[in-house]
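Written out below as structure tokens is the structure these notes cover.
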Amino acid sequence: MDLHRRNYYKKKKKYLIVVMFLIMIIAALMYIGLSYGKTIYSFSHIYNVLFHGETEGAFVITTLRLPRVIIGLLAGICFGLAGNIFQKLLRNPLASPDMLGISTGASVAAVFAILILQLSGLIVSLIAIIFGMLISLLIVLLSYHHGYSNNRLILIGIGMRAMLSAMISWMLIRASEYNVGNALRWLSGSLNTVNMNDAFSLLIVTIIACVLIAIMNNGLSVMGLGEELPVSLGVNTKTLRISLVIVGLMLVAFATSITGPIASVSFLSGPIAGRILRNGKNNMAATACIGAILVLASDLIAQYGLSSRYPVGVVTGMLGAPYLLYLIFMMNKKGVQ
Amino acid sequence: MKQPKKLSTFFLLIVLLTLIMAVLSLMLGKVTVSFKSVIEAFDSSIVNNEVNIVRARMPRTIFALLAGCSLSVSGALMQSITRNPIADPSILGVNTGAALFVIMGMSFSQVGRISSLVLAFVGGLLTMVCVYLISSFGYGGMTPIKLALAGAAMSIALQSIVNALMLKDRLLMDRFRFWQVGSLSKASWQDIMTVLPVIIVSLIIAYLLSSSLDIMALGDEMATSLGINVSFIYVLSTIVGVLLCASITALAGPIGFVGLMIPHFVRLLCGNAMKKVLLFSSLLGSAVLLSSDIIGRLVGGSAEIEVGIIMALLGAPVFIMIVRKVKKYGFT
């Protein structure tokens, strides 16, 4: 085999090893999520409950912990992938799916449904998804003024999000203090009230999205080369961009509708995967794993590691600020390019 | 550039507008007061219901004037320093940083007025420095878009910490959710007197800096060769800008978009000369904030709609319209 081929396979092997390792961490976290808690269950006990119909502890394991762990995994994958899509599309490590207002839009709708319409459960999720997508569509339409511009999109997204945040704040003020906690918990992103139905629908969405991303991955890598080069290489940039954005938005919309917006996961997963692998590629699989690890680990910390039970978004949110500081630190070391 | 004659007409118009708004602010509200009572209120010997209402509305009106002035000057300064027409304290995450430090203070002990001002200032300054640094990272240095993205990312990160602190403590959550929306009702005479010296000094310094800032718009190297100490002006303008914004935020909570929109409009009408921009921005800012407050009080019915919300609801669409129209992101 010639040198190039050998290096190619070496890199592929390294990538696979890293992803395998990450999957093992995920499995470990999921196991801890199932077994640890007020009552600690052993591996054989969990196995019996799941596959042999053992009834003792079945409620805790199958109804409380299992959906939580599964949705934690799936939500982490969804948020991580969506964030990575936007970051690679815009070639900017600071990008996030909420630039198109999907999270904030869904949040406004959910808070409205919870506080004003006094709803809960599935219908809140539906309202959140629909409204989130509508807001994104609105932002995209508004930014199309004599042609498309990345910058304009970002700015209009910022303006729209400011307006929506003001609405959220206003609703939070007007609400009675009993309901505010609920709304605030939803806004923080939480795995608390999930069930197996949610898990099933999210699984379908995740699988479809992963397949689509796998198909578009090569095109996305080529698009990182600039604006004209991909076109001359046969990549249909316009269609690809739109498709990727839609996939990203769907991922965020569905995950957010079930868990609420889990902060920072979309923002952090891609860069963390990039730093581990240092290969300048899209690293979709690795990013998905990192996203899952972030959510699962943060949920464990949020439940048992702090002074009281918190929603998972609180812990993930707190990871965002140090990361930004880390960015500064790294930049100082390397010098400004 | 408008001719001097048109400009002075504009100036008189704005001053008139501000005065009218101030008077309306004293007259309108849950109870409408006659103009006569407004005049009578200045005569301390007269005491009756209507005059008392006017006197009760005074601090709010004065604060609105002060806030509109400070926030727009702060925005103008930041836009000039970052050479970025969309720089605004709320976009740069300065407000969230100030909020975070204030809430940390609130959760650890009772904060008095002066301490919350100091906390807001330190929080705002640290956030701004971090956002500057982050956006200089990577290819191309500090571009307007990276500044906006860094500010947004910082805002989100800090907001999560704020949420975390709030969830922990029920009482705090209740206190803070009211603080989080900018409102002019929270400032008392004492508060105003506390920040007044800071604001006046900052405004004076800003005005004195205006000619240097004009020269710095030509570029750092050009400015240095013309004898300007660029770093010193940068640092001083940043401090003054953040001080102005933080003083208002500490008392009223975060009010966005004033610093963004007002200087933009002023520049469209009067050109880029810093002295004019600062002068007209301060007046227009006061007028706009007063009007928003009046609208909020009238429309809100029994409860007011806070000015922070009005500004976001009105300011965001205006901002979006501006962004759509502007083709090039420079000082046109």
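Before moving on, here are some points about what is shown:
- Paramagnetic reach from B:Ala303 in the range A:180-197 [backbone N under 20 Å; point 7 Å along Cα→Cβ]: A:180-187
- Relative contact order (%) - criterion: Cα under 8 Å, at least six apart; region: chain A: 29
- Cα centre as origin, Lys/Arg/Asp/Glu Cβ charges: the range B:37-125 dipole, Debye: 220
- Exposure proxy ranking, count of Cβ atoms within 10 Å, fewest first, for A:Trp170, A:Trp186, B:Trp189: B:Trp189, A:Trp170, A:Trp186
- Choice from A:Asn218, A:Asn150, A:Asn283 with maximal GNM fluctuation in chain A (Cα, 10 Å cutoff): A:Asn150
- Cα gyration tensor shape for chain B, rounded if a/c is under 1.5, else prolate or oblate: oblate
- Counted charge near A:Asn150, where neighbours are those whose Cβ lies closer than 13 Å (Asp, Glu -1; Lys, Arg +1): +3
- Cα lying deepest toward the dipole's positive end in the range A:2-324, options A:Met160, A:Ile293, A:Leu240, charges on Cβ: A:Leu240
- Screening chain B for whole DSSP H helices with an alpha carbon extent of at least 18 angstrom along the helix axis and a mean Kyte-Doolittle hydropathy of at least 0.5 yields B:4-27, B:49-82, B:94-108, B:113-136, B:144-168, B:189-216, B:230-252, B:274-299, B:307-325.
- Distance between the range A:87-111 and the range A:159-222 - C-alpha centres, whole angstrom: 10
- Using the Cβ of B:Ser210 as centre and a radius below 15 Å, the other residues enclosed give a net charge of +2, where K and R count +1 and D and E count -1.
- Across the range B:4-325, C-alpha contacts under 8 Å between residues 6 or more apart give a mean separation that, scaled by the residue count, equals a relative contact order of 30 percent.
- Farthest toward positive dipole pole in chain A [+1 Lys/Arg, -1 Asp/Glu at C-beta], among A:Ala183, A:Ala199, A:Val315: A:Val315
- Choice from A:Ile213, A:Ile154, A:Ile116 showing the highest fluctuation, given a GNM over chain A with Cα pairs closer than 10 Å: A:Ile116
- Put a plus charge on the Cβ of each Lys and Arg, a minus charge on the Cβ of each Asp and Glu, and nothing anywhere else: the dipole of the range A:1-77 about its Cα centre is then about 720 debye.
- Amide H within-cut-off set for A:Ala263, under 5 Å, with H built and near neighbours excluded: A:Gly317
- Residues whose amide H falls under 5 Å from that of A:Glu54, counting only those 5 or more places apart or on a different chain, are A:Val49, with hydrogens built in the peptide plane.
- Across the range A:218-259, the residues whose backbone nitrogen lies under 14 Å from the label position 7 Å along the beta-carbon direction of A:Asn197 are A:258.
- Among A:Gly291, A:Gly132, A:Gly317, the residue with the largest mean-square fluctuation in a Gaussian network model of chain A, with springs joining Cα atoms closer than 10 Å, is A:Gly317.
- Spatial separation of Cα centroids for the range B:160-237 and the range B:1-71, in angstrom: 25
- Options B:Ile262, B:Ile205, B:Trp189, ranked by Cα towards positive dipole end of the range B:4-325, top entry (Cβ charges): B:Ile262
- Using a simple spin-label model with pseudo-atoms 7 Å out from Cα toward Cβ, B:Leu16 and A:Ile116 lie 4.0 nm apart.
- Exposure proxy order (Cβ contacts within 10 Å, fewest to most) of A:Thr39, B:Thr96, B:Thr18: A:Thr39, B:Thr18, B:Thr96
- Peptide B:161-169 - average C-beta neighbours from other chains (10 Å radius): 6
- Surrounding net charge for B:Asn52, when Lys and Arg each add one and Asp and Glu each subtract one, Cβ distance under 15 Å: +2
- Shielding score for A:21-34, defined as the mean number of other chain Cβ atoms within 10 Å: 0
- Net dipole in debye of chain B [+1 Lys, Arg Cβ; -1 Asp, Glu Cβ; about Cα centre; nearest 20]: 640
- Residue exposure sequence - A:Ile276, A:Ile207, A:Ile26 - by fewest surrounding Cβ within 10 Å: A:Ile207, A:Ile276, A:Ile26
- Computed per residue of the protein assembly as shown from DSSP H runs no shorter than four, each worth -39500 (n - 2.57), the mean residue ellipticity at 222 nm is -25500 deg cm²/dmol.
Values quoted throughout were computed directly from the atomic coordinates according to the rules given, and no laboratory measurement underlies them. Since we're looking at a predicted model, the values are computed, not measured. Counting neighbours? That spans all protein chains shown, and the Cβs are built from the backbone with ideal geometry, glycine included.
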